[in-house]
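Some notes on the structure that comes next.
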Amino acid sequence: MNNIYQPRVPRQIEEAGRAQTAADFEPPEWNETRYIADAYVNTVRYWQPGAKKKSYDNSEIFAYRILPEVAPVHESESFLPARRSDGSLSSRAIWPVCVIEKFGFDRKISFIPTLPYVPGDGRYEPYGGLYDNPYHLLTSFLWRRKEKRLPKEWAPLVMTTDKITEYRKQHGLWNSFFSTLLLPLPKFRYFSYALLYRGYDVKTECDFEFDGLPYGLGADDGLQVVSVNQQVYGDLKREYARKARTASAGAMDEFYFPDPAAPDQGTINHVWNRSFPNPVDSSAGKQEGFGYAGAVECRYHLSATNFRETDLRLDAAFLDQYYEQWQPWPQMLRGTTGIEQVRLIARYAPELKSPCEQAWERYPVLMTAWEEAFAGAPDSYDFYETLHTIYGMNGSEPPVVPETNATRHRAQTPPPPLPASSPVTTMNDIEEPTAPLREETPMLPRSRTLSPVDVPETIHAATRPRSTPRLLSPLKAIGERNQRGLGDSDLGTPDYEEEFLPSGNGAAF
């Protein structure tokens, strides 16, 4: 037997293509929210203002009634009040969570980047905490190196909204009226179990409007979860803290509105575009600024003069059903953390391959996930191209991108170690700012000053040459939409809520 290897003539093999990667799949046409835990995602409906395209511009009202928290075994009552004796709202009935909204250069995904709760012992699982989750590591890495050590082609990633607006003026980029950060920073959203009176169901792609029976009260409706942003929560919080005055002495003696979740009373919260008239109070003045406003009434309103009386008392049959279905928020909400978050970032922003490599190079677990998740993504990328793609004017002429050296860059010195735990901050430690400020600073793990309107009652800190994007990447998809004349309006209305406030060296997560 002849064991000597016999060379063969190379075969003529036609290369039909390459292996698929996550970057090849175009994101859906809607903004996906990954807030509800997998165990409940098919049985629980999630609602928020602005879920329907153009609903903000058309001033469509979002209306809901908060449902109470189920009491633990040792409590004497079945349901706990949602408002305390001083008027403040319970952070358990209205659960605050930091979220990343509309991530990706196509603004297609919103998620909770940590565990959706503070563990009892204050210790988060690896890569699931406030300061070690992959997204925080990425954004804090970029902002720490903002002034000196970032390649020029990465500068748009750390441009403030004012800087982006200035750049757009210089280059005639007016496809969208408002500028937003390319990498959004965390915002609070406030989650409640609820009954729906007016909203848009993204699952069925149908509007719902109250006509005698709110959604969630039916035997087969299941649980309804609603979240609102800081701006709306601040309005509602002030409404529920209002006191009525006696006619004689003018002294405050009782709350103007009942407990929002009381089974025998309740109220309806109305949310609308603050540029339009108040649908509850015709005498209310015009709201300042942009975004959403919130108001409270014991009637269902479509306008100040078009309303309907409704019985807000919850009957025993519904309360029994709700009592059995209710779940604690740490069970109902999900965080996208660790390796799953690495994959999400690669899925929706494959152009971030090189920045992520540098941000995570000290973390072997994340780097192993990075190698797999970013396979096929561009090794280098000029993010000025992103600005021109997102904000560029429609037309046949290609965008003019500033010339930069888009080379792979690695920091010469390793990033500083993660800081030690910050002390717990309570409402007594928080000062009211003199004027609202927009989100312009990174989420550095330092203490900060926040408005008491925009934070939960207690904040816990943790212990601890130009390349082209891959085929059908999110960036390419939005570029194609711009060429078709759809632009940013096709992606829904951006959220104009007041965001994290800068103080000192930065904002904490």
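The values are calculated or read from the model by the stated rules, or taken from the named source; none is laboratory data. All of these numbers come straight from a predicted model, not from anything done at the bench. Cβ atoms come from the backbone with ideal geometry, glycine included; neighbour counts cover every protein chain shown.
Quick look at the values:
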| item | result |
| --- | --- |
| Output for the stretch 39-64, where each listed residue is within 16 Å of residue 302 (Cβ to Cβ) and outside any loop (DSSP other than H, G, I, E, B) | 62, 63, 64 |
| Flag if residue 107 is under 23 Å from residue 224 (Cβ atoms) and not aliphatic (A, V, I, L, M) | no |
| Residue count for the stretch 186-211, restricted to those that are part of a strand (DSSP E or B), out of contact with any Pro (no Cβ under 7 Å at 6 or more places or on another chain) and not charged (D, E, K, R) | 8 |
| Every residue from the stretch 54-76 that is out of contact with any Ser or Thr (no Cβ under 9 Å at 6 or more places or on another chain), of a type in the set (A, V, I, L, M, F, W, C) and at pLDDT 90 or above | 63 |
| Cβ-Cβ under 8 Å pairs, at least 6 apart or on other chains, the stretch 263-285 side within 14 Å of residue 308 (Cα to Cα), far side of a type in the set (Lys, Arg) and surrounded by fewer than 17 Cβ atoms within 10 Å (Cβ to Cβ) | 268/299 |
| Out of 266, 216, 250, sole residue that is modelled with pLDDT under 95 and touching a Leu at 6+ places or on another chain (Cβ under 8 Å) | 266 |
| Segments classed as helices (runs of 4 or more DSSP H), wholly inside the stretch 338-395, with at least 2 members that are among the aliphatic types (A, V, I, L, M) and farther than 25 Å from residue 31 by Cα | 364-373 |
| Considering residues of the stretch 133-166 that are farther than 22 Å from residue 380 by Cα and in a helix (DSSP H, G or I) only, the residue farthest from the chain's Cα centre (by Cα) | 166 |
| Residue that is surrounded by fewer than 21 Cβ atoms within 10 Å (Cβ to Cβ) and closer than 17 Å to residue 49 by Cβ, where the choices are 121, 211, 201 | 201 |
| The stretch 296-319 residues that are closer than 22 Å to residue 220 by Cβ, paired with ones that are among the basic types (Lys, Arg) (beta carbon under 7 Å, 6 or more apart) | 310/299; 312/65 |
| Residue in the stretch 109-129 that is in a strand (DSSP E or B) and either out of contact with any strand residue (DSSP E or B) (no Cβ under 8 Å at 6 or more places or on another chain) or within 26 Å of residue 235 (Cβ to Cβ) (or both) present | yes |
| Verdict on residue 140 being in contact with a strand residue (DSSP E or B) (Cβ under 7 Å, 6 or more places away or on another chain) and more than 22 Å from residue 330 (Cβ to Cβ) | yes |
| Pairs, first over 16 Å from residue 91 (Cα atoms) in the stretch 57-77, second surrounded by fewer than 13 Cβ atoms within 10 Å (Cβ to Cβ), C-beta under 9 Å, six or more apart | 60/54; 60/207 |
| Number of the condition not met by residue 111 [criteria: (1) touching a Pro at 6+ places or on another chain (Cβ under 6 Å); (2) modelled with pLDDT of 95 or more] | (1) |
| Only listed residue being under 19 Å from residue 134 (Cα atoms), surrounded by fewer than 18 Cβ atoms within 10 Å (Cβ to Cβ) and touching a Lys or Arg at 6+ places or on another chain (Cβ under 9 Å), chosen from 361, 288 | 361 |
